[in-house]
Amino acid sequence: PGADLDVAVYISSGTNSDKIMALMRAISALGHNVYGIGRYDIAQGRLNSSNFDVLVLGAGENDSKLEYSSTDALDTTTIKNNIRAFVSGGGGYVALEQGAHFSTDELDLYDEGYVTSGSAGKYTIDIVDSNFGSGSQQAYMSGGGGYIPQASGAVVVAENGSNQPVIVRDTYGFGRVILSSFDLELRGDSELDWTIWDNWDMGNSHANSEGCWALLGRMLNWAASGNASAPTISASNHDAAKVAVVSTHISSGGAWAGLLPGIYRSIEYAGYVPLAIRFDEINDGQLTTSNFSAAVFPGGYSYGYKRGIDDWQDILDYVAAGGSYYGVCAGSFYASEEIEWDGKWYDYMPLFEGQDRGPLDGTTYPDYELMTVNVNDSVIGNMGDIVMMYYGGGWKDQLDQSNAVTVATYEYSGGDNGKPDAIRFTYGNGRVLLIGSHPESRSGSNEDWIYWDNWVGDSATPLNNPDNPWLFIDAAFDNWLIQP
């Protein structure tokens, strides 16, 4: 660790994908290095003081700790013991909302429980620990919020209007633990948090929203060093088109948080403004061309999109009206009228009237790997071979049903070599780009804010992509998805 903190943020199963990018964006704006880690990183022992100063556990999926409490997430003996060892050895620990609940009930990092209570909305909290400043702060609490009873020896940092503790701090071995029942990463009057649903939830009004980031910064500083000094905050957005990133993940699937940092960072790299929206906003009719120039449906599991979005006609209408659709892996499957998965056929959204068929024959799936993709398109660009992550995406068939053009093909030794990976076509006045691979991931680099993709699966073997697949995303947005 250098002068800035090296902050690990858990971004895999169990975390709230609608809030995770606001959290990482805030940590970066506070001047720290942010790394999205997965469960394998913890299991393999990479969560240690040589790599990180602080571990952050964000809000829980579905405003609950239950998804964290799964063997597919954090509820294994090895993972829990490795987290405890990191903190007891001197590492800092920050947890928010149901991440704090999991920390009290499952990790036992704090000697009292967590009480889930109240409804989602803005509340005023009072700072009662002078080390963290003074006065009051307006902050957002979801349905997973509540309060955290004071443990013996713990210090209350902030209270709600009923004088109940909502931020508490304590020690654990040689480390420091600080928990909040509020979502301090969210700023309801700003797009600097790369989140728009919170603005709409809060009526585009949030008194001193920057103060929430400042309080979060004090929490990080205290967890790392014991000094809750006031941070310096620096963040800006491009003056450019806004891109909706459909961020929700539910029990049946949707956008997986583990690759979301690369989605947002690559859109920023391309020169545009990524903004998280939930299924709720699509269902409420807020995916419109007046709000967004393009919409991204990230990788994850397509069935969650099908279950969570009430009527895909809203998406078809958005594209027909001139919006663009960028579907990655699961987002591509969701947009295809017919999909084949492991030999079985399913009906999905008829945006692409052909077929998306996966996983590819002869790959390491269900593990991920690096694969060469040949990009050869007169519009997006003749970019040649680019190495990208492959993680179960499909190849596109019956392109003529939508007058689609092949943008890129898979180049590998398996049975689907040479078949279309990426395609583009128009739908009404809108434009569509579907891709099976994951150009948002940059294995071997932290530019994508993803740490887990720097390693081969559940191993200690490094994984390094020699190419920069964001060049493809840049060209795709500039030359196709963002219309003049």
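The values are calculated or read from the model by the stated rules, or taken from the named source; none is laboratory data. All values derive from a computational prediction rather than experimental measurement. Here the Cβ positions follow ideal geometry from the backbone for every residue, glycine too, while neighbour counts run over all protein chains shown.
Brief remarks on what is shown
- Screening Ala244, Ala228 for residues that are in contact with a helix residue (DSSP H, G or I) (Cβ under 6 Å, 6 or more places away or on another chain) and surrounded by 16 or more Cβ atoms within 10 Å (Cβ to Cβ) leaves exactly one candidate, Ala228.
- First in the range 16-28 and in the same structural domain as Val54 (by TED's automatic domain parsing) and closer than 15 Å to Ser209 by Cα, second anywhere and hydrophobic (A, V, I, L, M, F, W, C) and part of a helix (DSSP H, G or I), Cβ under 6 Å, 6 or more apart: Ala26/Trp213; Ala26/Leu216
- Among (1) under 30 Å from Tyr35 (Cα atoms); (2) in contact (Cβ under 8 Å) with a residue 40 or more places away in the chain, the one test that Thr461 misses: (2)
- Of the candidates Ser180, Ser152, the single residue that is touching a residue at least 24 places away in the same chain (Cβ under 8 Å), in the same structural domain as Ser117 (by TED's automatic domain parsing) and within 13 Å of Leu216 (Cα to Cα) is Ser180.
- Any hit, the range 127-143, residues being surrounded by fewer than 20 Cβ atoms within 10 Å (Cβ to Cβ), out of contact with any Asp or Glu (no Cβ under 9 Å at 6 or more places or on another chain), of a type outside the set (Ser, Thr, Tyr) and assigned to a strand (DSSP E or B): yes
- Test result for Asp400, out of contact with any strand residue (DSSP E or B) (no Cβ under 9 Å at 6 or more places or on another chain) and not in a loop (DSSP other than H, G, I, E, B): no
- Taking residues in the range 100-117 that are farther than 18 Å from Gln164 by Cβ, and partners anywhere that are among the acidic types (Asp, Glu), the pairs with Cβ atoms closer than 8 Å and at least 6 places apart or on different chains are Glu106/Asp75.
- Complete set of residues in the range 413-434 that are of a type outside the set (S, T, N, Q) and out of contact with any Ser or Thr (no Cβ under 9 Å at 6 or more places or on another chain): Gly415, Gly428
- Scanning the range 347-379 for residues that are surrounded by 21 or more Cβ atoms within 10 Å (Cβ to Cβ) and polar (S, T, N, Q) yields one hit, Thr363.
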